[in-house]
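Engineer: After the structure tokens below, expect a handful of questions from me.
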Amino acid sequence: MSDTMYEDYERNRFGERAEDVYSKPVRAGKRTYFFDVKSTKEGNDFFLTITESKRRVERDGSFAYDKHKIFLYKEDFEKFSEGLQEAIAYIRENLLKDLPEKKGDEFTDVSFEEL
């Protein structure tokens, strides 16, 4: 999706243009996750967008980014968080039992020139 397409896409469910409030990028290998808090134009409602961005190399050697985005509204925060925590707990307890526990934070800071 192009940036102009994202501008149209980033309207909230009421059709209002979203305003950036806070952003937390998390670098994880070849992917970067962005947790962006947005407000309505009037500033009386807030929501979260979660974006996965993955860099890929084009045939001509240039870089492009695949982006996938979800919108999470305040009334869904708790259920979403519970579902995510349950899924992660299931994976850790049932599928990753034999893996050694990681020590420390393996994420690195994001250089926005890379994005």
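The values are calculated or read from the model by the stated rules, or taken from the named source; none is laboratory data. Just so it is clear, the structure is predicted and the values come from calculations on it, not from any experiment. Glycine also receives a Cβ, built like all others from the backbone with ideal geometry; neighbour counts cover every protein chain displayed. Side chains are part of the model used for accessible areas, which takes the heavy atoms of the whole protein and leaves out ligands, DNA and RNA. Shrake-Rupley method; radii C 1.70, N 1.55, O 1.52, S 1.80 Å.
Engineer: Consider segment 36-54. How many of its residues are at pLDDT below 90 and either assigned to a strand (DSSP E or B) or surrounded by fewer than 17 Cβ atoms within 10 Å (Cβ to Cβ) (or both)?
Structural biologist: Count: 5.
Engineer: Filtering segment 55-79 down to residues that are in a helix (DSSP H, G or I) and open to solvent by 80 Å² or more (accessible area, probe 1.4 Å), which residue is modelled with the lowest pLDDT?
Structural biologist: Selected residue: 74.
Engineer: Tell me, which residue of segment 1-23 that is of a type outside the set (Asp, Glu) and in a strand (DSSP E or B) is modelled with the lowest pLDDT? Before you say what the answer is, go through the steps one by one.
Structural biologist: Here is the first cut: in segment 1-23, the ones of a type outside the set (Asp, Glu) are 1-2, 4-6, 9, 11-15, 17-18, 21-23.
Next, only the ones that are in a strand (DSSP E or B) stay: 11, 17, 21-23.
Working: 11: 57, 17: 66, 21: 91, 22: 95, 23: 95.
Residue satisfying both the conditions and the ranking: 11.
Engineer: Still on this model: Only residues that are part of a loop (DSSP other than H, G, I, E, B) and either under 15 Å from residue 76 (Cβ atoms) or open to solvent by 70 Å² or more (accessible area, probe 1.4 Å) (or both): list them for segment 24-35, please.
Structural biologist: 30
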